[in-house]
Amino acid sequence: MTYIFAHRGSSKDCPENTMAAFKKAFEDGADGIELDVQLSKDGVPVIIHDEKLDRTTNTKGNVADFTYEELTKIDAGSWFSKKFGSEHVPSLQMFLEWIAPLPILLNIELKNNVIEYSGLEDKTLQLLHQYGMEKRTVISSFNHYSLVKIRKMNPYIETAPLYSSGIFEPWEYVRAVCSQSAHPNYKSLHPYILEGFKRHNIPIRPYTVNSQKWMAYLFEWGIEAIITDYPIIARNVRNGD
Ligand code: G3P
Ligand code: CA
């Protein structure tokens, strides 16, 4: 069965990367949750997509210029709808506390391709270990050096390079960056590429698959997972409804 990962939580119904979006993804029956991690000014792993707060909070400025304490006071929900005004930028620890007892998979994307946060890999691994989440988590990043670093720190954690296109024989590349799976943009998935991944036994979790046509096509290929903004629709397509 192809797993369904909710992209930034159930981000079409709730503000992305908030606890509301993650709880909704679990209610929606997603098999996994995808989220983005950066570091606050005082080095706390926090969950937010952009390097700036501007788009998804009521505050302007760089995430890296705010302490975690300051981030907990910022409104990360009203931009989406007034009813989410009590949502804040969650810490990774707070999220793991919530998810650890639940039967659901996790994909942490390290958002370190624009800003290279010192210690992000180490802190993320420590928290995954603390909450016993290593076996059901895959760490992805567009920063492939960071993935090599992760595997040197912990040779048992699964890693997956994110890429949009332009990698020749990506199944070879996955091995070259010490990874076990790949997270390509779904638009790069021609039959030749899908066939190559299959032949080399490399699981893929393409992003961000929102069209029902593409969902059905990828389910038919029997790939490992899709990452989508629409977990309920994806479940219906998977069930043949
Ligand atoms: O992890 C897949 C996808 O989330 C990568 O792109 O920009 O949505 O983080 P982005
Ligand atoms: Ca992401």
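Results for (1) polar (S, T, N, Q); (2) on the phi < 0 side of the Ramachandran plot, shown as yes or no for each residue.
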position	(1), (2)
His88	no, yes
Gln93	yes, yes
Leu106	no, yes
Thr124	yes, yes
Gly132	no, no
Ile139	no, yes
His144	no, yes
Val148	no, yes
Which condition from (1) more than 16 Å from ligand 2 (Cβ to nearest atom); (2) of a type in the set (D, E, K, R); (3) within 19 Å of Leu35 (Cβ to Cβ) is the one that Glu195 breaks? (3)
Any chance Leu127 is loosely packed, with under 13 Cβ neighbours inside 10 Å, touching a residue at least 24 places away in the same chain (Cβ under 8 Å) and either outside any helix (DSSP H, G or I) or more than 15 Å from the chain's Cα centre (by Cα) (or both): no
For segment 16-48, give me the residue count where each residue is away from ligand 2 (no atom under 15 Å from the Cβ) and assigned to a loop (DSSP other than H, G, I, E, B). 8
Scan of segment 165-200 for residues that are under 22 Å from Phe219 (Cβ atoms), part of a loop (DSSP other than H, G, I, E, B) and touching a helix residue (DSSP H, G or I) at 6+ places or on another chain (Cβ under 9 Å), ordered by number: Gln180, Ser181, Leu189, His200
Enumeration of residues in segment 69-97 that are of a type in the set (S, T, N, Q) and crowded, with 19+ Cβ neighbours inside 10 Å: Ser91
Residue pairs within 8 Å by beta carbon, gap of at least six or interchain, first lying in segment 16-45 and under 17 Å from Arg205 (Cβ atoms), second part of a loop (DSSP other than H, G, I, E, B) and of a type in the set (Gly, Ala, Ser), listed first then second, are Ala25/Gly9; Ala25/Ser10; Ala30/Ser10; Ile33/Gly9; Leu35/Gly9
Taking segment 39-62 as the search range and keeping residues that are within 16 Å of ligand 1 (Cβ to nearest atom) and under 16 Å from the mean Cα position of the chain (by Cα), which one is surrounded by the fewest Cβ atoms within 10 Å (Cβ to Cβ)? Glu51
Could you check segment 100-114 and list, in sequence order, the residues that are closer than 21 Å to Lys152 by Cβ, assigned to a loop (DSSP other than H, G, I, E, B) and in contact (Cβ under 8 Å) with a residue 60 or more places away in the chain? Lys111, Asn112
Every pair of residues 6+ apart whose Cβ atoms lie under 7 Å, when the first sits in segment 194-214 and is touching a residue at least 24 places away in the same chain (Cβ under 8 Å) and among the hydroxyl-bearing types (Ser, Thr, Tyr) while the second is surrounded by fewer than 21 Cβ atoms within 10 Å (Cβ to Cβ) and in a loop (DSSP other than H, G, I, E, B): Thr208/Asp229
Suppose we filter segment 103-142 for residues that are within 16 Å of ligand 2 (Cβ to nearest atom) and more than 28 Å from Lys23 (Cα to Cα); how many remain? 2
Suppose we filter segment 71-99 for residues that are part of a loop (DSSP other than H, G, I, E, B) and under 15 Å from Pro45 (Cβ atoms); how many remain? 4
Search result, residues across segment 164-207 that are among the hydroxyl-bearing types (Ser, Thr, Tyr) and surrounded by fewer than 18 Cβ atoms within 10 Å (Cβ to Cβ): Ser164, Ser165, Tyr173, Ser188, Tyr192
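We did not get these values from a lab; they are worked out from the coordinates using the rules stated. What you see is a predicted model, and the numbers here were worked out from it, not measured in a lab. Cβ atoms come from the backbone with ideal geometry, glycine included; neighbour counts cover every protein chain shown.
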